[in-house]
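One structure is given below, encoded as structure tokens.
The values are calculated or read from the model by the stated rules, or taken from the named source; none is laboratory data. Only a predicted model underlies this, so the values are computations on that prediction, with no experimental measurement involved. Cβ placement follows ideal geometry from the backbone for every residue including glycine, while neighbour counts extend to all protein chains displayed.
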């Protein structure tokens with residue numbers, strides 16, 4: 001408030017420090033006591049603010065120079081620039097947001113697709129936090145019941161039988177396992193799928209790349225071997241984010257530069273999580289296509305056969321049995337059939353039962369790892385009881401499971417993890 005009072009003079013002549021919460025006033029923005037612009041100042045008092053602290057917002061006129069001068073005025077009054085994620089970090093540290101909600105804010109800011117926006121908005125509303133909190137509460141109640149009987153043996157407290165302990169622990173474990181399973185969908189939406197477009201020369205690989213990109217991102221000619229190096233880009237295809245790579249046509253060649261491109265294409269295939277094998281549907285298979293099929297037999301990633309040039313009329317192609325998980329006909333040059341390719345990819349990586357706009361979804365490897373730790377510790381507790389060693393010994397395993405859940409949602413999390421998460425935010429958030 002003191003900083004704002006030194007660089008903003010309300011026209012209503014009420015000092016900034018005396019303004020009521022959630023009040024917006026018109027006034028002058030001052031640099032060295034001289035007005036440089038007029039604008040609005042809005043007051044948010046703790047704890048009813050985004051960060052949980054006293055906050056003011058100053059709105060000035062647009063324009064590069066005036067904005068620069070207003071910033072100079074604020075800094076001259078004693079403010080310091082906020083590093084990336086500073087405001088959301090403060091909201092988390094002050095208990096205004098759980099860690100998963102804070103992560104969702106970052107995901108909203110960095111969203112590249114409507115699916116990412118839907119999931120992040122749901123997480124920001126607490127879909128994931130509520131599931132984690134419910135599981136932690138269930139485990140804590142079970143641990144408390146075990147320890148209460150141990151600490152107060154003379155009290156008339158109901159004892160937790162081994163069967164009840166196992167049943168309640170397994171119920172929480174099942175819920176967490178279902179939550180963990182959503183990571184396949186969450187990862188496909190947020191972290192992306194390493195996808196390689198491959199094929200013999202002149203099959204339309206770069207045209208497919210352009211059709212997915214929605215622009216002329218790759219050079220397309222009728223000359224075989226036009227693409228000599230890999231082109232890489234993150235592109236949404238429906239709800240799935242693709243780390244898409246367009247490769248050189250795979251064939252035997254005497255051209256040294258093209259040989260390097262072919263070698264890189266073959267290397268990309270080995271690390272792919274999804275492969276688009278592009279074929280020319282307007283002519284019979286050639287030896288180069290069959291040689292590529294042989295190469296793909298040794299690649300474990302799911303493969304979709306893309307029969308291109310459907311607008312010219314597709315011939316029946318004798319594809320190897322079991323090599324491809326799906327076949328899609330398209331006209332890459334006309335952008336036709338991309339919706340069918342989208343449906344095929346979503347069927348591979350998204351779970352139909354998940355409502356991306358409302359359900360809790362695990363979106364990061366950090367969340368996935370913490371859930372895995374909690375599930376393992378619950379399994380250990382169940383094994384202890386089923387092995388006849390008693391619920392009191394098993395309760396310590398449940399405490400470790402609760403600790404993993406607390407770390408997942410930020411109740412107990414190390415500074416390094418917090419710093420890593422908020423370092424990915426844009427400045428000002």
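Miscellaneous remarks
- Hits in the range 65-104 (condition: part of a loop (DSSP other than H, G, I, E, B) and surrounded by 21 or more Cβ atoms within 10 Å (Cβ to Cβ)): 85, 97, 98
- The listed residue being part of a loop (DSSP other than H, G, I, E, B) and outside the structural domain of residue 326 (by TED's automatic domain parsing), out of 366, 411: 411
- Residue count, the range 48-64 (criterion: in a loop (DSSP other than H, G, I, E, B) and either more than 30 Å from the chain's Cα centre (by Cα) or surrounded by 12 or more Cβ atoms within 10 Å (Cβ to Cβ) (or both)): 10
- Residue within the range 313-327 that is in contact (Cβ under 8 Å) with a residue 60 or more places away in the chain and either in contact with a helix residue (DSSP H, G or I) (Cβ under 9 Å, 6 or more places away or on another chain) or more than 23 Å from residue 213 (Cβ to Cβ) (or both) present: no
- Among the residues listed as 162, 175, the single one being at pLDDT below 95 and either under 39 Å from the mean Cα position of the chain (by Cα) or surrounded by fewer than 22 Cβ atoms within 10 Å (Cβ to Cβ) (or both): 162
- Selection count, the range 316-334, where residues are within 13 Å of residue 276 (Cβ to Cβ) and part of a loop (DSSP other than H, G, I, E, B): 3
Residues are listed down the side, and each one gets a yes or a no for (1) modelled with pLDDT under 90; (2) crowded, with 22+ Cβ neighbours inside 10 Å:
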{"site": "229", "(1), (2)": "yes, no"}
{"site": "235", "(1), (2)": "no, no"}
{"site": "242", "(1), (2)": "no, yes"}
{"site": "248", "(1), (2)": "yes, yes"}
{"site": "263", "(1), (2)": "yes, no"}
{"site": "276", "(1), (2)": "no, yes"}
{"site": "287", "(1), (2)": "yes, no"}
{"site": "298", "(1), (2)": "yes, no"}
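- Scanning the range 347-363 for residues that are out of contact with any helix residue (DSSP H, G or I) (no Cβ under 7 Å at 6 or more places or on another chain) and in a loop (DSSP other than H, G, I, E, B) gives 352, 353, 355.
- One residue stands out among those in the range 105-118 that are surrounded by fewer than 17 Cβ atoms within 10 Å (Cβ to Cβ) and in a helix (DSSP H, G or I): the one that is modelled with the lowest pLDDT, which is 109.
- Taking the listed residues 383, 394, the one that is in a helix (DSSP H, G or I), more than 30 Å from residue 92 (Cα to Cα), in contact with a helix residue (DSSP H, G or I) (Cβ under 9 Å, 6 or more places away or on another chain) and touching a residue at least 40 places away in the same chain (Cβ under 8 Å) is 394, with no other qualifying.
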